[in-house]
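Colleague: Would you mind keeping the following structure in view while I ask a few things?
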Amino acid sequence: MNLSEKDSQYLWHPYTQHKTATPPIAIAKGKDALLWDENGKEYIDAIASWWVNPFGHSNQFIADAIYKQLTTLEHVLFGGFTHSPAIEVAEKLMEILPNNQQKIFFSDNGSTSVEVAIKVALQYFYNKGEKRTTIIAFENAFHGDTFAAMAASGISFYTQAFQGMFIDVVRIPVPVKGEETASYEALKNVISTYNCAGFIFEPLVQGAAGMVMYEAEALDVLLQICKENNILTIADEVMTGFGKTGKNFACDYIKGQPDMMCLSKALTGGTIPMAITTFTQDLFDAFYDDDINKALFHGHTFTANPTGCAAALASMQLLQSAEIQESIVRVNQRHLAFQQHIKNHARVKTTRVLGTIFALEIKIESEESYYGSMRTKLYNFFIEKGVILRPVGNIVYILPPYIITDAQLEKVYAIVEEALEIV
Ligand SMILES: Cc1ncc(COP(=O)(O)O)c(C=O)c1O
């Protein structure tokens, strides 16, 4: 029995209908942008394994930092204790975050970072004795699979079984080109209708929706409206953070600053699960009181795990290196050149690029479902050709590790172009 066959005996995979899905591919090894399966077949990881791995697989620099930490202090509880790796992560983050972010709270994954942000938004008003219980979110948002994160998410595939069981969320349209005014008006409208506590958004790029992009100016208008109405703003940078958009954070493109930020995925370079929610001093102060009930009663066993912190520190050091910064620019330039080449193709509806993110929408005659037949056909085609891409409906996106070589990128583009002929 090979690994793929053994897998089916006990394992339950994410986002998978096991009755109809093809068996999973057993990956035996990874190096840089490449992965090899148990039969030795090579794949280019063109989506950095769900956007976590900007510096490549089996990165020696991060591995060494993890090993050193594992053999010094692998873990200690964070309630009542602290340690140097956590403090260093905080200090390092303060150098690169928007300067209104003053406090950081650790958790384990993107969803929990969102969970923490939403709970803080709701408890902030509770602590102040104000009744505000509604969260504003974008249509087609994705913020994760835990309950508050799911409530804020608008993609029905992920949430439809749980409708009616969520905290109160109202949705506004994304201010994509031509829809800006509708989005601003909808925001003003929900603020005047509901008792809103916070607005959560994926800044500039909605990843799981298919890399839907909107302008920084539009986000600034929405943030300003929130500020005028004392609505807390939460930038979910779980996908966009740490260089993906060409800057450290998507929020670096805007003039305003959010009250909270959610970070995960590339935080540890795709090595150890870890997340951080960041806050303004004002938010922290609303929980700072003689009354214990005003504290944030939220925590996870592995909060601020020192090994994860060591991985985060090594990753942030890599991110700031000249080599990685040059790679981010290089990947962006390659994407722009491919965009020029492909945008007038008869089968291409639109293309979009921001930083290291490229997306292409294929022209279709009827609505294509998120996990529909076109998506399956494309996915299987890419896998057969040795490229890992996970299209969303009729949208193909590329979000590679920054260290991907030019030759590997060219191969990915060529296969995407070839795929246009099979749909
Ligand atoms: C913007 C955004 N927020 C939150 C999440 C959830 O992160 P996780 O899968 O680590 O829980 C994701 C995952 O893709 C995401 O893209």
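The values are calculated or read from the model by the stated rules, or taken from the named source; none is laboratory data. Note that the structure is predicted; figures quoted are calculated from it, not measured. Quick reminder, even Gly has a Cβ in these numbers, built from the backbone with ideal geometry, and neighbours come from all protein chains shown. For the accessible areas, the whole protein counts, side chains as well, though only heavy atoms, and no ligand, DNA or RNA atoms are used. Shrake-Rupley method; radii C 1.70, N 1.55, O 1.52, S 1.80 Å.
Colleague: Check 377, 363 and return the single one that is touching a strand residue (DSSP E or B) at 6+ places or on another chain (Cβ under 7 Å) and open to solvent by 40 Å² or more (accessible area, probe 1.4 Å).
Modeller: Working: 377 fails: touching a strand residue (DSSP E or B) at 6+ places or on another chain (Cβ under 7 Å).
The match here is 363.
Colleague: Scan the stretch 201-238 for residues that are in a strand (DSSP E or B) and of a type outside the set (A, V, I, L, M, F, W, C) and jot them down.
Modeller: 206, 233, 236 - these are the residues of the stretch 201-238 that are in a strand (DSSP E or B) and of a type outside the set (A, V, I, L, M, F, W, C).
Colleague: Just a yes or no: is a residue in the stretch 358-370 out of contact with any Cys (no Cβ under 9 Å at 6 or more places or on another chain), within 21 Å of residue 35 (Cβ to Cβ) and not β-branched (Val, Ile, Thr)?
Modeller: Yes, there is a match, as at least one residue in the stretch 358-370 is out of contact with any Cys (no Cβ under 9 Å at 6 or more places or on another chain), within 21 Å of residue 35 (Cβ to Cβ) and not β-branched (Val, Ile, Thr).
Colleague: Show me the strands (runs of 3 or more DSSP E) found entirely inside the stretch 25-108 where at least 3 residues are within 25 Å of residue 358 (Cβ to Cβ) and within 16 Å of the ligand (Cβ to nearest atom). Give the steps one after another, and end with the answer.
Modeller: Working: elements: 27-31, 34-37, 42-45, 103-107.
Ranges flagged: none.
Colleague: Tell me which helices (runs of 4 or more DSSP H) are completely within the stretch 316-423 and hold 2 or more residues being out of contact with any helix residue (DSSP H, G or I) (no Cβ under 8 Å at 6 or more places or on another chain) and closer than 30 Å to residue 93 by Cβ, or say none if there are none.
Modeller: 322-342
Colleague: Give 142, 201, 162 a once-over and let me know the one that is under 30 Å from residue 330 (Cβ atoms), in the same structural domain as residue 278 (by TED's automatic domain parsing) and open to solvent by 20 Å² or more (accessible area, probe 1.4 Å).
Modeller: 142
Colleague: Here's something else I'd like to know. Looking only at the stretch 299-332, which residues are open to solvent by 10 Å² or more (accessible area, probe 1.4 Å) and in contact with a Ser or Thr (Cβ under 8 Å, 6 or more places away or on another chain)?
Modeller: Listed by number, the residues that qualify are 300, 303, 332.
Colleague: Looking at the stretch 204-230 only, could you name the residues that are open to solvent by 20 Å² or more (accessible area, probe 1.4 Å) and polar (S, T, N, Q)?
Modeller: 224, 229, 230
Colleague: Here is a further query. Could you grab me the full set of residues in the stretch 270-301 that are within 27 Å of residue 242 (Cβ to Cβ) and not in a loop (DSSP other than H, G, I, E, B)?
Modeller: Hits for the stretch 270-301 are 275, 276, 277, 278, 279, 281, 282, 283, 284.
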